[in-house]
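Inspection log for the structure reproduced underneath, given as structure tokens.
The values are calculated or read from the model by the stated rules, or taken from the named source; none is laboratory data. Please read all numbers here as calculations on a predicted model, not as lab measurements. Positions of Cβ are backbone-derived with ideal geometry, glycine not excepted, and every protein chain shown enters the neighbour counts.
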Amino acid sequence: MSDLDLLISNINLASMSDATAGHSLADYGSMTHTSIGIKEGKIHRLYPPGSTLPTATTHIDGNGGWLTPGLIDCHSHLVWGGNRAREFEWRLQGISYEEISRRGGGIASTVKATRDASDNELKAAAQQRLTTLMAEGVTCLEIKSGYGLSLEHEARLLRIARELGNENPLTVQTTLLAAHALPPEFSDKDSYIDEICENIIPKIAALKLADAVDVFCEGIGFSTAQCQRVFDVAKEHALAIKGHVEQLSDLKGALLVANNAGLSADHIEYLQAEDVPALKGAGTVAVLLPGAFYALKEQQLPPIAALREHRVPMAVATDLNPGTSPQASLRLAMNQACVLFGLTPQESLAGVTRDAAKALGLGHCKGQLAVGFDADMVLWDIGHPSELSYGVNLCQPREVFYLGQKR
Ligand code: DI6
Ligand code: FE
């Protein structure tokens, strides 16, 4: 019997361990010329240079490459029908996202196309996007509903997301985003919030289809009072809390998420620096979505300096969706986070590993190469981890390891 299931020797590790948190120019928690041992899906031991190496059922020569934690996309709307290429043309003619939304385009048009699509059509399209993300090294993905907007259709999207998690090697976490927009059957937002609180959340919770509940807190979405009602019911059902907040205006949604001990406040371009300490105090992760900022040609930058100063963990995600972030690439989001938001390549890598895990409540088991953590890992033929944020698709994983327990 071998001591280990897997030994990867002759590698450099970018551990992204907690010890590197808050050091924007630190060294990726790197350990050079090292080896890593895996047992029962977990990181069993790290071997410094010169160690006597144990036996292993499988031994891989890393050839001097770099090993990172598996990449984690902690914010996606992966499952939808149709596309919004026509709307893209309108936006290029100068019509704003909010104006298109008021004219019945935007989220409403995707809701119609999604409801009209069959399960098989939705799943095949989502699988294609998922395969693209996995080829980049994504080993864990959050998938939101939000284009169904009724119990039947939200449940359908979450069920498809769960099936994708069962049928692919990566971990999928699901989030109910019923409070994304007003469905056509309702004329008044408060009545739809009643439906979400009295019917949709309790039934989705009973079916165990969601790990968390999210809201779109915005003028074209829902008010803080309406979002608070959703969070109250989410908590009754022991579901984690997330929020799309301060994307287009400052409604103090991030404070609301923090006051409810939410896992993450996402977008936050309009978050004021004075509201940042509340996130730190609540342990709420700031999720940066540069793909939506890019696609909408936004000007308002998230308060990166204040987030750094207060050591709020900053995750980076795709926000993959048909309207405001039509990009199935977390690697592109890493590059955008550096170029558009001024993150360092180390912060950007932490944002798709350690801090993305925290945004999903998985910070204790995923996103770091540390003893006891899940062995979700990517081996890259690169000379330095900054290459992962520099450029787009100039390097691909040599091998992706999905050995950790599915969560
Ligand atoms: N903010 C976003 O960027 C996406 N949802 C949200 O609340 C956009 C969704 C869409 O336009 O389809
Ligand atoms: Fe989103």
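Of all residues in region 249-261, which are within 13 Å of ligand 1 (Cβ to nearest atom) and either in contact with a strand residue (DSSP E or B) (Cβ under 7 Å, 6 or more places away or on another chain) or within 23 Å of residue 143 (Cβ to Cβ) (or both)? Give the steps one after another, and end with the answer.
Just the residues of region 249-261 that are within 13 Å of ligand 1 (Cβ to nearest atom), to begin with: 249, 251, 253.
Within region 249-261, 251, 253 meet the criteria.
Restricting 61, 73 to residues that are surrounded by fewer than 18 Cβ atoms within 10 Å (Cβ to Cβ) and touching a Ser or Thr at 6+ places or on another chain (Cβ under 8 Å) narrows the list to 61.
Quick check on this structure: which one of 245, 285 is in the same structural domain as residue 198 (by TED's automatic domain parsing), under 20 Å from residue 223 (Cα atoms) and either modelled with pLDDT of 95 or more or among the hydrophobic types (A, V, I, L, M, F, W, C) (or both)? Spell out the reasoning first.
Details: 285 fails: under 20 Å from residue 223 (Cα atoms).
From the options 245, 285, the qualifying one is 245.
Of the set (1) under 15 Å from the mean Cα position of the chain (by Cα); (2) within 16 Å of ligand 1 (Cβ to nearest atom); (3) more than 22 Å from residue 402 (Cβ to Cβ), all apply to residue 320 but (3). Entry remark, region 340-357: residues being surrounded by fewer than 24 Cβ atoms within 10 Å (Cβ to Cβ) and out of contact with any helix residue (DSSP H, G or I) (no Cβ under 9 Å at 6 or more places or on another chain) number 0 in total.
With respect to residue 103, determine if the residue is within 16 Å of ligand 2 (Cβ to nearest atom) and under 19 Å from residue 324 (Cα atoms).
Details: within 16 Å of ligand 2 (Cβ to nearest atom): no; under 19 Å from residue 324 (Cα atoms): yes.
It is false that residue 103 is within 16 Å of ligand 2 (Cβ to nearest atom) and under 19 Å from residue 324 (Cα atoms).
When residue 67 is tested against (1) of a type in the set (A, V, I, L, M, F, W, C); (2) at pLDDT below 95; (3) under 25 Å from the mean Cα position of the chain (by Cα), only condition (2) is not met.
Can you pull out the residues in region 262-284 that are of a type outside the set (A, V, I, L, M, F, W, C) and more than 16 Å from ligand 1 (Cβ to nearest atom)? Selection gives 272, 274, 275, 277, 280, 281, 283, 284.
In region 328-407, which helices (runs of 4 or more DSSP H) lie fully inside it and hold 2 or more residues that are over 16 Å from residue 142 (Cα atoms)? So that I can check it myself, show each step before the final result.
Numbers: elements: 330-341, 345-351, 354-359.
Answer list for region 328-407: 330-341, 345-351.
Taking the conditions exactly as written (within 20 Å of residue 404 (Cβ to Cβ), more than 16 Å from ligand 1 (Cβ to nearest atom) and at pLDDT 95 or above), does residue 55 satisfy them or not?
no
Between 95, 72, 100, 60, the distinction of being aliphatic (A, V, I, L, M), free of Cβ contacts under 8 Å to residues at least 24 places away in the same chain and either more than 28 Å from residue 213 (Cβ to Cβ) or away from ligand 1 (no atom under 15 Å from the Cβ) (or both) belongs to 95 only.
Can you pull out the helices (runs of 4 or more DSSP H) entirely within region 229-326 that have at least 3 residues that are buried (at least 24 other Cβ atoms within 10 Å of the Cβ)? Break it down stepwise before answering.
On the way: elements: 253-259, 276-282, 290-295, 304-309.
Here the list reads 253-259, 290-295.
Scanning region 152-210 for residues that are assigned to a helix (DSSP H, G or I) and within 16 Å of ligand 2 (Cβ to nearest atom) turns up 154, 157, 158, 161.
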